[in-house]
């Protein structure tokens, strides 16, 4: 019998989908595998490839088995194909097929729509690893380095997850799409990644933390809505990916927390009370709070763009088809068909931002973005608690959704962080107060010196409250290979 | 529900509200509002499915309470409340285990410390109750070796269990439960028997997911005979880990004094192996007073003699050695009183006593005399050490 809980290692590719009995897909994956390893090896600097990293690997998709920690060399990490256990008699939770049995094969009429969603999701996974490839060289601690690499290998595994779906369910085009996922490259002129935020630089660790907090959170929302899919293999894949994605949220939220914590500590030690006295705060070797706010503004606004157009027939079609649901669809108390419901969407009318009621079906993207904003605001509140506790008079805030947008209705206007529509001239005069400048970047870059001694942290970031896997503070999370 | 009860809580200062626990919980005992993620004490059955899936460690929090914190209270928190001082014996059981019987067993074993035990400050946070009577884990026996000579008057075994890739995050000093097969006279399954592990946290063999136990065959002992008769390849049902205070400090400067008899050597072996594997990074030494009737009946006699003396100063003491006067651990402690006194004065010293309950009286008396010699009151000194997580007793 096929063991769907425990991970089988009887092929080169760990899996719980019975690959060894699925020769065609196994062959396709094995053909794809060397290209993937080659991509990975070209990406991450060699001395890190040789280092022993304390990573978690899933040994089963049962809750007790998916977090087995051990030292692993990254190229030997067991990337695999892991799907959450199949729920018996699962039905399509939304749209016009609501209540019918979930599809185990691709429904012909939605083939292209499904493939496109999977390709877009798949494209983001390697994109972020590419963006983060050099961060190990400036890791503020071995703890942080380990977290970076954990994020990287799991993004790699998420790519595998999408590639499996493409190869298993989409035949020749699926295989071609899988190959293209390794050809496109973040920031490339000829073949960039598909979404803008995945072509931006991740030049420093604060960017990395902001990226994992804000941009990976978009990933989480997308996975949550794909986990509702009536196409059961996609749903099961995404459900398991979400457990891994939670770690990325953790790295982002606690990373930013620790930066704020350290800034507060340094200010209090030096008796500084004015958070806007940037020069003096920077003299302490920590990142000043206004710069942290600017970084937040940047990453948040780039991430909002990932939700696409506020009113979208594509999103309506995907929902109606039962292919992509809403965030926590099962907790929403409505008919899950939305044929006659409406939803409030912001639009620009006569140079003003106004709320408009539109058919809820067309506002699926908007709704997901609203859920995202609520989710993202929670962490900002928790960051502010650190400032409060330290007695520093400063509060971080999410900028208005109209601020610094390239996609959607707000792309047409300029708005300040409070959401007031402003002129180009006013924007140009103030943009340096709202978004990180070259000088800000250079200052942060100047702090990015590696700290590789177990238990030690670079001066601009505080130690974490709890170790990974309950390990003590001076645990050697990465045994560095010194060539 | 029995009072006081142990309540599962989530630390709102560490939780990132990813809701992975909520999606994982098979009992739907976890819920969230805009502020917090909380556990419903009426629904949580301690299955522990939420523990490994949490990316932050915030979910592994427990409080002993008379009345469970309601969901509403938990929703309003911005930090966890301190453990209330409930007084009374029940609260003394602390959080060594989640089920009453195991907690009571450990409380009984630890009572020789003269008060509520505390873990060393630098000990890592232990995992407890990952596997329970209703959800045990199956382990495969990798080996069963007799530790005492064939002719010796006791049959002590070194049993190695393999967990086949399933997590068993057990720390030195913690115990696991073995469930003997079959049922009792009333037809109920037997309760697990606790055994302190004798291997360090990274496994009997480093990096292998295995654990060793040191088990003495007891006359008519249901579980000990079952365990001592296990053959390679047999399977056993295991619960645990249990125990949250009798733990090794991670502080490299900590000095360790170990006093044991018989199978009380199990945690001491684990401590010694842990420190051996960390050799070069630990500075505080280890001293061991280990008593047995004769070298033939002293578990690990051979291997112990091979541990470098720079790591472990050992005093193997025999009460029935031919041609020698009877000597007990407390006698040797008295002979070595200068070095014992030196350790007692040092704030870095941690004392561990493990073995038969009989040994407690003699060891206490000797500590009292040595403390007097350095002008200290033993009860006060012991209470201070215990309060600081530096004095640990596990006797049976």
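Suppose R0 equals 56 Å. What FRET efficiency, 1/(1 + (r/R0)^6) with r the Cβ-Cβ distance, do residue A:24 and residue B:5 give to the nearest 0.05?
Efficiency for this residue pair is about 0.50.
Per the helix-only calculation at 222 nm, which mean residue ellipticity applies to chain A, given -39500 (n - 2.57) for every DSSP H run of n ≥ 4 and division by its residues, nearest 500 deg cm²/dmol?
That calculation yields -15000 deg cm²/dmol at 222 nm.
Under a no-solvent Debye model with one identical scatterer per Cα of region B:255-395, what's log10 I(q)/I(0) at q = 0.19 Å⁻¹?
So the normalised log intensities are -1.18.
Take the Cα atoms of region B:145-190, build their convex hull, and give its volume per residue in Å³.
Enclosed volume per residue, from the Cα hull, is 160 Å³.
Working from the alpha-carbon coordinates of region A:22-65, get Rg over Rh, Rh being the Kirkwood radius.
Using only Cα positions, Rg/Rh for region A:22-65 is 1.11.
Beyond 18 Å, what share of the Cα-Cα pairs of region A:303-394 remains, rounded to the nearest whole percent?
Result: 55 percent of Cα pairs exceed 18 Å.
Give me the inter-chain shielding for B:75-84: mean count of other chain Cβ atoms within 10 Å, whole number please.
For peptide B:75-84, the averaged partner shielding equals 1.
How large is the Kirkwood hydrodynamic radius of chain B, counting all unique pairs of alpha carbons, in Å?
Computed over chain B, the radius equals 22.2 Å.
Can you tell me the Rg and Dmax of region A:413-460, counting just the alpha carbons, in angstroms?
17.3, 51
Past the 50 angstrom mark, what percentage of all C-alpha to C-alpha distances in the protein assembly as shown do you count?
For the protein assembly as shown, the fraction of Cα-Cα distances above 50 Å is 25 percent.
Over the alpha-carbon set of region B:48-175, work out the extent along each principal axis and list the three values in angstrom, largest first.
Largest first, region B:48-175 extends 64, 38, 31 Å along its Cα principal axes.
With the convex hull built on the Cα atoms of region A:40-98, state its orientation-averaged projected area in nm².
Spelled out: convex hull of the Cα atoms, projected over all directions, averaged, 6.6 nm².
Based on the alpha carbons, how large is the Rg to Rh ratio for region A:72-215 when Rh follows Kirkwood?
Using only Cα positions, Rg/Rh for region A:72-215 is 1.03.
Most fluctuating residue of B:375, B:114, B:187 in a GNM of chain B with Cα springs under 10 Å: which is it?
B:187
Averaged over all directions, how much area does the convex hull of the C-alpha atoms of region B:121-176 cover when projected, in nm²?
Averaged projected hull area, Cα only: 6.0 nm².
Can you give me the orientation-averaged projected area of the convex hull built on the Cα atoms of region B:135-229, in nm²?
6.7 nm²
Report the antiparallel proportion of the DSSP beta bridges in the protein assembly as shown as a percent, rounded to a multiple of 5.
Within the protein assembly as shown, antiparallel bridges account for around 70 percent of the total.
Note down, for region A:364-410, the three equivalent ellipsoid semi-axes (square root of 5 times each alpha carbon gyration tensor eigenvalue), biggest first, whole angstrom.
27, 13, 5
Could you work out the mean count of beta carbons from other protein chains within 10 Å of each residue's beta carbon in B:162-169?
Mean partner-chain Cβ count within 10 Å for B:162-169: 4.
Within a 10 angstrom radius of each residue's Cβ in A:469-478, how many Cβ atoms of other chains show up on average? Whole number is fine.
Across the residues of A:469-478, the mean count of other-chain Cβ atoms within 10 Å is 4.
Multiply the residue separation of residue B:380 and residue B:320 by 0.36 nm, subtract the distance between their alpha-carbon atoms, and state the gained length in nm to one decimal.
18.1 nm
For region B:188-267, place one equal point scatterer on every Cα, skip the solvent, and apply the Debye formula. What is log10 of I(q)/I(0) at q = 0.11, 0.16, 0.22 Å⁻¹?
Log-scaled intensity ratios, in q order: -0.38, -0.78, -1.35.
Put one equal scatterer on each alpha carbon of chain A, apply the Debye formula with no solvent term, and list log10 I(q)/I(0) at q = 0.07, 0.08 1/Å to two decimals.
Log10 I(q)/I(0), no solvent term: -0.38, -0.50.
Which percent of Cα-Cα pairs in region A:234-313 sits in each 5 Å bin, short to long?
Values per bin, smallest distances first: 3, 12, 16, 15, 14, 13, 9, 7, 5, 4, 1, 0.
When the Kirkwood radius is taken over all Cα pairs of region B:5-92, what Stokes-Einstein diffusion coefficient follows at 4 °C and 1.567 mPa s, in µm²/s?
98 µm²/s
For every helix of n ≥ 4 consecutive DSSP H residues, a contribution of -39,500 (n - 2.57) applies; sum these over chain B, divide by its total residues, and give [θ] at 222 nm rounded to the nearest 500 deg cm²/dmol.
-6500 deg cm²/dmol
Normalised radius of gyration for region A:443-483, please: alpha carbon Rg relative to 2.2 N^0.38 Å, two decimal places.
So region A:443-483 has a normalised radius of gyration of 1.33.
Coordinate-derived values only; no laboratory data. On a predicted model such as this, the values are computed, not experimentally measured, just so you know. Neighbour counts are summed over all protein chains in view; Cβ atoms, including those assigned to glycine, are modelled from backbone coordinates with ideal geometry.
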